[in-house]
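The values are calculated or read from the model by the stated rules, or taken from the named source; none is laboratory data. Since this is a predicted model, take the numbers as computed values, not measurements. Backbone-built Cβ (ideal geometry, glycine too); neighbour counts: all protein chains shown.
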Amino acid sequence: MISILTEPAYSGSIWCKELLKSLTDRLRQKRIPFCEIFESIENNGDGVFIIASDYNWIKSTVSKLNSAGIKPILICNQAEQIHGCDYSCVCSDINGSMKYLINELKAAGKTRVALY
């Protein structure tokens, strides 16, 4: 079974919800069993995904998992390597997404674009 751990402070955000939905939809499509967890993680050998954004929370969580012999897969919006932690990472291409969006808006004749 795949375990999915989300950062509590990030879990209510639309970004986290979309990442979680994409991941769980794909796992369902592949008929891979999964469970969302909130604190303790057993090393069941099938893998752990972490969805998070806070550097300190990520570092603390990955360190705890590493000490239990688990190498998680981090899904986040930053590509910064966390030293002393062993994990794989899947990051959003925010810069590429923004460039694509601006080009699409320009192609549609929109010249006064504001992003926040």
Could you list, in sequence order, the residues of region 12-34 that are loosely packed, with under 15 Cβ neighbours inside 10 Å and either aliphatic (A, V, I, L, M) or in a loop (DSSP other than H, G, I, E, B) (or both)?
GLY12, SER13, ILE14, LYS30, ARG31, ILE32, PRO33
What is the one condition in (1) exposed (fewer than 10 other Cβ atoms within 10 Å of the Cβ); (2) not in a loop (DSSP other than H, G, I, E, B); (3) not aromatic (Phe, Trp, Tyr) that GLY84 does not satisfy?
(2)
Selected residue (criterion: modelled with the lowest pLDDT) from residues of region 35-50 that are part of a loop (DSSP other than H, G, I, E, B) and closer than 19 Å to VAL90 by Cβ
ILE41
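Would you pick out the residues in region 64-79 that are outside any loop (DSSP other than H, G, I, E, B), at pLDDT 90 or above and touching a strand residue (DSSP E or B) at 6+ places or on another chain (Cβ under 8 Å)?
Passing the criteria: LEU65, ILE73, LEU74, ILE75.
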